[in-house]
Amino acid sequence: MAMSAATTQSFLLNNKTTRQNYQTLKSATHIAAFPSTHVHSTTTLTSTYKSMSISCSAAATTTTTPLQTPPSTSSDRVFNFAAGPATLPENVLQKAQADLVNWRGSGMSVMEMSHRGKEFLSIIQKAESDLRTLLNISDEYAVLFLQGGATTQFAAIPLNICSPDDAVDYIVTGSWGDKAYKEAAKYSKPNVIWSGKSEKYTKIPNFDSLVQNPDAKYLHICANETIHGVEFKNYPTPLNEKTILVADMSSNFCSKPVDVSKFGIIYAGAQKNVGPSGVTIVIIRKDLIGNAQESTPVMLDYKIHAENNSLYNTPPCYGIYMCGLVFEDLLDQGGLVEVEKKNQKKAQILYDAIDSSNGFYRCPVEKSVRSLMNVPFTLAKPELEAEFVKTAAGEKMVQLKGHRSVGGMRASIYNAMPLAGVEKLVTFMKEFQAKHG
């Protein structure tokens, strides 16, 4: 980071408190900027990038120059295949870094803003507007930026949609669908109309074979199972037109176009495809709001959040800001149609490498429902798995170990995973097979 003496003096002398302190010094003084905490007569500026000495001169002009963006650190970054929190677009991180201390001339970081101030209101409103554009969300739906993760919505949904005695249907295609069902049992009468547990969650059912309850308030699915790598390529239609379709889209949210009008509720944790951990997004048809059970905690009541535009209490401000930057980036890429094409290409390369390995690598998921986001695979020689993970990490490919409940490997290749990351992984896989096959 480079900053002229004049720039430093101008910034400091325009602040009342700093002017008073400056007058007390009464001499040309070396001023240390963040992250230093002390000022001495010969203080050196320290930063993440390099050290330099900066002095203030009383004769310096007050012309300001824009803060320079730090040099790219691409060579220092790993390919992060974590399931979440997950990799974010590097250009988004750099943009956030450039505005970290002083957001658009406001004189403060987004992390310091009042959530009711005009600056943050502009951030959250634009984030919602861009998300509506990405998913073509109509005005019939409310968009809520909440906290608590998708797991909190496992309870919030039945509390808001059902009475304790109402029937609801669940299709369980993996661990997260199963957890959602178990939580719903506390607040409604859920019924599992199909479960893939007996086949280790490697399939999705034929919708025509499902026996739905015509009185069910909703039909719940997990659109993409992060742990098991199973993804719905299309969606079931509830038997009764009054029954709504509810989907947990945490791990494939904004990875492809979705017809929101088919759903009553879509919910997603942001930390996989659209932002850091801490933000949960709920898209809910407005006519479904306002019927919460009396025992519903205020923080789980959709009506409270909708009436207050997601600002009933202090929201995860910085996380929402980061989501907004990601939405901008997805729009700049051409929208979700183009994003899906990129995701399909990455997934195809990786699945082809697995399928062409003559059994050295194996993906257990039925081909027609393999996830574009989370690719689980095993080695024919399980004793090599630890070495695979360790050696890959040495090559700057990290978080490839499978979930503790299933083992093996898992490569999460969300929107922000570049094609180069998948290509490098495939090359490594082939080399590893050649050495150990």
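The values are calculated or read from the model by the stated rules, or taken from the named source; none is laboratory data. On a predicted model such as this, the values are computed, not experimentally measured, just so you know. Because the Cβ atoms are built from the backbone with ideal geometry, glycine has one as well, and the counts that use them run over all protein chains shown. Quick note on the areas: whole protein, heavy atoms, side chains included, nothing else; ligands and nucleic acids left out. Shrake-Rupley method; radii C 1.70, N 1.55, O 1.52, S 1.80 Å.
A few points about this structure:
- In Hz, Karplus ³J(HN,Hα) per residue of segment 245-262 (6.51, -1.76, 1.60; θ = phi - 60°; x = Gly, Pro): 8, 10, 9, 7, 10, 3, 9, 9, 5, 6, 9, 6, x, 9, 7, 4, 5, 7
- Each residue of segment 332-343 was assigned a 3J(HN,Hα) from its phi angle through the Karplus curve 6.51 cos²θ - 1.76 cosθ + 1.60 (θ = phi - 60°); the sequence is 5, 6, x, x, 6, 4, 6, 4, 4, 4, 5, 5 Hz, with glycine and proline shown as x.
- What the phi angles of segment 355-363 give under the Karplus curve with 6.51, -1.76 and 1.60, with θ = phi - 60°, is a coupling list of 5, 9, 8, 6, x, 5, 10, 8, 9 Hz, glycine and proline written as x.
- Solvent exposure of segment 293-407 amounts to 49 Å² per residue of accessible area, where only protein heavy atoms count and the probe is 1.4 Å.
- Taking the inverse of the mean reciprocal distance over all distinct Cα pairs, the Kirkwood hydrodynamic radius of segment 316-437 comes to 15.6 Å.
- Arg410 long-range amide H proximity, modeled H, under 5 Å: Phe377, Lys401, Gly402
- Each peptide in 336-345, 321-330 was scored by the mean count of other Cβ atoms within 10 Å over its residues; highest first, the order is 321-330, 336-345.
- Kirkwood Rh and Cα Rg combined as Rg over Rh, evaluated for segment 213-304: 0.97
- In straight-distance terms, cross-link reach from Lys242 covers every one of the lysines whose alpha-carbon lies under 22 Å from its own, apart from those fewer than eight places away in the same chain; here that gives Lys189, Lys217, Lys262, Lys286, Lys303.
- Long-range tail of P(r) for segment 188-236 (Cα pairs > 18 Å, %): 32
- Carbon and sulfur %, accessible surface of segment 97-207 computed with the full protein complex present, 1.4 Å: 48
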